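Values quoted throughout were computed directly from the atomic coordinates according to the rules given, and no laboratory measurement underlies them. All values reported here derive from a predicted model rather than from experimental measurement. Positions of Cβ are generated from backbone atoms using ideal geometry, with glycine treated the same way; all protein chains shown enter the neighbour counts.
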C-alpha cells in the first residue's frame, strides 16, 4: 500500500549573509561560501532568530546546477537552541530550488523536530534567500 | 508543496547484521538483496552488493536510515541512489513490525529523502531533483513510494 505525500508549513526561514568567500574551482565544482550573519524564522510552532556563525557551502557543478550545504544555529524566542542543516539543489534554468533540512535539538518542547523530515522551497529575493520549509507528514 | 510519482520500489531485505551499541545508539546493517523499481519515467532492478541500509536506532526511539542503492534501468543505465530516512511510531506498532507482521503504514512514520546520481543521458533529470518517499515495511522488505518534489 502506498502512502500519499502530505505536508504542512513548518517555518519561513530568512537568511542574512555577508560577503562571500570564493574558494574557486575545486574537483567538485566552483565552491562559494556564504557566511550567515543573521536572519529569522517564523512558523506556527516555533519562531526566533538565526544566530551569526553559520554558513552555506555552495558548489556550482559542471551540469549547470548548484548544490547547497548549510549549517546554522536557530535560537527560538524562548531561548531554545536548534542545530539546523540542509542540503539542496538549485537549478536556475528550470526555476528549481529545493532543500532537505534536518534539525537537532535538546529542548523537549522542540523535540518533534528531531523526528521529522522536511522539504524547503527556496526563493532568491532582493533582501536575501527565503526558504519556505514544510514538514513531511 | 507539489509532488509527482517518480517510482515505486519493492526491496527484499537480507539478514540483518547487528553491530550493537555504539556511542550514539544501536547500529545494524541490512543488506538489500534484490528488488525492482517502476515509475512512469524509469524502471528496472536493484543490484545487490552496493545496496545496503545502515541503520541507527537512536536513544529517543527513532530509527535513522542511511540507504544506498545501485539501480539498473531496463535500458542498462546505472543510477546511484542515497537516502536519509526516519522511522518511528507507537511501541506496539514498531514491535509488530519487528515480529515480521504486516502493519498499516499510516500507523507509523516512515519517510525517506532520496537523492540520485547518474551519468546516463536519459536520466540526467534525476541529478537535479529532490524527492520524498513514504515507506511501508512488509515482512520481506520495504516498499517505497518515491515522489519528485516539484
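At a glance:
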{"read-out": "Chain B, relative contact order in percent, only Cα pairs under 8 angstrom and at least six apart counted", "value": "23 percent"}
{"read-out": "Cβ neighbours within 10 Å from other chains - mean over B:1-14", "value": "2"}
{"read-out": "Cα centroid separation, the stretch B:59-116 to the stretch A:1-80 (Å)", "value": "26 Å"}
{"read-out": "Top of A:67, A:20, A:85 by mean-square fluctuation, Gaussian network on chain A, Cα under 10 Å", "value": "A:20"}
{"read-out": "Over chain A, relative contact order from alpha-carbon pairs under 8 Å, at least 6 apart, %", "value": "22 percent"}
{"read-out": "For the protein assembly as shown, calculated [θ]222 nm from helices alone, where every DSSP H run of n ≥ 4 adds -39500 (n - 2.57)", "value": "-500 deg cm²/dmol"}
{"read-out": "For B:42-50, mean number of other protein chain Cβ atoms within 10 Å", "value": "0"}
{"read-out": "Peptide B:121-132 - average C-beta neighbours from other chains (10 Å radius)", "value": "4"}
{"read-out": "Equivalent ellipsoid semi-axes, the stretch A:1-103, via Cα gyration tensor eigenvalues times 5, rooted, Å", "value": "25, 21, 10"}
{"read-out": "Cα-only radius of gyration and Dmax that characterise the protein assembly as shown, units Å", "value": "19.2, 55"}
{"read-out": "Normalised per residue, the volume of the convex hull around the Cα set of chain B (Å³)", "value": "117 Å³"}
